[in-house]
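First the structure, in the form of structure tokens, and then the observations on it.
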Amino acid sequence: MNAPTLAEFRVRPVCVPLDEPHRTASGVLAESPLVLLDVTTDDGVTGHGLVFAYTRAALAPLAQLTHNCAEMLAGDPLAPLDMGAKLAARFRLAGTQGLAGMAHSLIDMASWDALARTHGLGLATLLGGRARPVPAYGGVGFDGVEGSARAAAGWVERGFKGVKAKIGYPSVREDVAVVRAMRAAVGDDVALMVDYNQCLAPADAILRVQALDDEGLAWVEEPVLADDFAGHAAVAAATRTPVQSGENWWGPRDLRHAIDAGAADYMMPDAGKIGGVSGWLRAAALGEANAIRLSSHLYPEISARLLSVTPTAHWLEYVEWWNPVLATPLEIADGSAVPGDEPGSGIEWDERALERFSV
């Protein structure tokens, strides 16, 4: 049986307003700029994927770059690993990080979706496992003491067993006050995590995290710049709270460098930056070999399937930022993401919504 070939690509930029702005130490997100990709084979099977562009300013360049990269693969067999190797070779001199890394990840995700649909299998089944429930946590923005406590309680009322808040306030006293208010709001049985969004220098991060060491946090995320592996390692060595990082690492090699440096106790690849499904599988192998638990960042639909086949799976980060353009958003039950086993990666478009949010 010959492998189907890549026949058609459709790239669409959309921008979905958030129900509530999401505040971080680095700024406010009020909308979800997305690049969507449909990959169609010569057999007429279409796979879907999306990436989050973070800012509207990156939307058009990312969409154009995705189109240009996809065109390089026209007529090639539907073989995601080979496709990724071809793109990596073409971009070796230009670099495979940044927008190029996101475009490559998007093509990979849509291609794996098409491959799973070609065989009539769910993505987890295609990868040799099975879709299963994955513990999920909800996110709280940079919302102050009262706002953070209220938002945390809202997630717990919906059944979530974990909540993560943005911190990095002007003083460590404010950071501690937010954590304690959230703990009072959710009780002792809920996992609390905090995220500094890379806003601290290593020396300051050590002092801040030491001040949080007695608060029972599940982890402190990205206290310093994401690519400062030595800085992360210094924080991890000087504090008792587990350090989490990884959402801004580009490809499995960054994961390897972080492991070599002892940069984090836990790691959380981002499917849109790590290299899509192919990059995630390599990251999961590194996690298993080094006994490091892996969580996901964004992309809950495909991440739920990938965590299902990740030996050291930990938490799924749940967001609803693009649910309006999905025909069937990911199901959450009893605090866990519950991926279905329908063919593909669980992404189907609501075409009427796409018309409304098209850029």
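The values are calculated or read from the model by the stated rules, or taken from the named source; none is laboratory data. If you're wondering where the values come from, they're calculated on a predicted model, not measured in any experiment. Using ideal geometry, Cβ is built from the backbone for each residue, glycine included, and neighbour counts are taken over all protein chains shown. Just the protein is used for accessible areas: all its heavy atoms, side chains included, with ligands, DNA and RNA removed. Shrake-Rupley method; radii C 1.70, N 1.55, O 1.52, S 1.80 Å.
Can you list the lysines whose alpha carbon is less than 22 Å from that of LYS273, not counting same-chain residues fewer than 8 positions off?
LYS273 reaches LYS86, LYS164, LYS166.
Taking 1 over the mean of 1/r across every pair of different Cα atoms in the chain, what Kirkwood radius in Å do you get? Write out the running numbers ahead of the final one.
Working: mean 1/r = 0.0485 Å⁻¹.
Here the Kirkwood hydrodynamic radius works out to 20.6 Å.
To the nearest 20 Debye, how big is the dipole of the chain about its Cα centre, given +1 on the beta carbon of each Lys and Arg and -1 on that of each Asp and Glu? List each step's numbers first, then the result.
Numbers: 28 positive and 45 negative charges, 89 e Å.
Its charge dipole is roughly 420 debye.
When the Karplus curve 6.51 cos²θ - 1.76 cosθ + 1.60 is applied with θ = phi - 60°, which whole-Hz ³J(HN,Hα) does each residue of the range 133-142 get, with x for Gly and Pro?
x, 10, x, 10, 10, x, x, 10, x, 7
Rounded to the nearest 5, what % of the DSSP beta bridges within the chain are antiparallel ones?
Details: 29 of 51 bridges.
Just about 55 percent of them are antiparallel.
With every protein chain present, what is the per residue accessible area of the chain (1.4 Å probe, Å²)? Could you put the intermediate results ahead of the total?
Details: 14400 Å² over 359 residues.
About 40 Å² of surface per residue is accessible.
Among HIS257, GLN244, LEU200, which residue has its Cα positioned farthest towards the positive end of the charge dipole of the range 198-282, with +1 placed on the Cβ of Lys and Arg, -1 on the Cβ of Asp and Glu, and the dipole taken about the Cα centre?
HIS257
What ³J(HN,Hα) values, in whole Hz, does the Karplus curve 6.51 cos²θ - 1.76 cosθ + 1.60 give for the range 290-297 when θ = phi - 60°, with x put for Gly and Pro?
Once θ is set to phi - 60°, the couplings for the range 290-297 become 10, 6, 10, 6, 10, 10, 10, 10 Hz.
Could you list which residues have their amide H under 5 Å from that of LEU330, counting only those 5 or more apart in sequence or on another chain, with H placed in the peptide plane?
Under 5 Å from the amide H of LEU330: no residue qualifies.
Non-local amide H neighbours of GLY344 (under 5 Å, H modeled in plane, Pro and chain starts lacking H): which ones?
Excluding prolines and chain starts, which carry no amide H, the hits are ARG117, LEU121, GLY122, LEU123.
Just want to confirm a number: the relative contact order over the range 119-250, from Cα pairs under 8 angstrom separated by 6+ residues, in percent. Mind dumping the intermediate values first?
Numbers: 213 pairs, mean separation 24.7, N = 132.
It rounds to 19 percent for the range 119-250.
To the nearest Å, what is the center-to-center distance of the range 182-238 and the range 69-134, using C-alpha atoms only?
33
If I take every Cα pair under 8 Å that is 6 or more residues apart in the chain, average their sequence separation and divide by the length, what percent do I get for the relative contact order?
Details: 811 pairs, mean separation 67.3, N = 359.
Relative contact order comes out at 19 percent.
Quick check: residue separation of LEU354 and GLU342 times 0.36 nm, minus the Cα distance between them. What number comes out in nm?
Additional length available on full extension: 2.1 nm.
Evaluated at 20 °C with a viscosity of 1.002 mPa s, what Stokes-Einstein diffusion coefficient in µm²/s does the range 143-215 have when Rh comes from the Kirkwood expression over alpha-carbon pairs? Present the calculation step by step, with values, prior to reporting the outcome.
On the way: Rh = 12.4 Å.
My calculation gives 172 µm²/s for D.
Read phi for every residue in the range 336-345 and hand back ³J(HN,Hα) as whole Hz from Karplus 6.51 cos²θ - 1.76 cosθ + 1.60, θ = phi - 60°, with x for Gly and Pro.
10, 6, 10, x, x, 10, 5, x, x, 9
If you roll a 1.4 Å probe over the chain with all protein chains in place, what percent of the accessible area is carbon or sulfur?
Numbers: 7230 of 14400 Å².
Answer for the chain is 50 percent, counting heavy atoms of protein chains only.
Out of residues 5 or more away from GLU247 or on other chains, whose amide H comes under 5 Å of its own, with H placed 1.01 Å from N in the peptide plane?
Under 5 Å from the amide H of GLU247: MET268.
Could you work out the percent of alpha carbon pairs in the range 73-182 separated by over 18 Å, rounded to a whole number? Numbers along the way, then the final one.
On the way: 4022 of 5995 pairs.
That fraction is 67 percent.
Which angle from 0 to 90°, rounded to the nearest 10, does the C-alpha axis of helix 202-212 make with the longest principal axis of the chain?
70
Take the Cα atoms of the range 209-359, build their convex hull, and give its volume per residue in Å³. Before the final figure, lay out the partial values.
Values: hull volume 20.3 nm³, N = 151.
Convex hull volume per residue, Cα atoms: 134 Å³.
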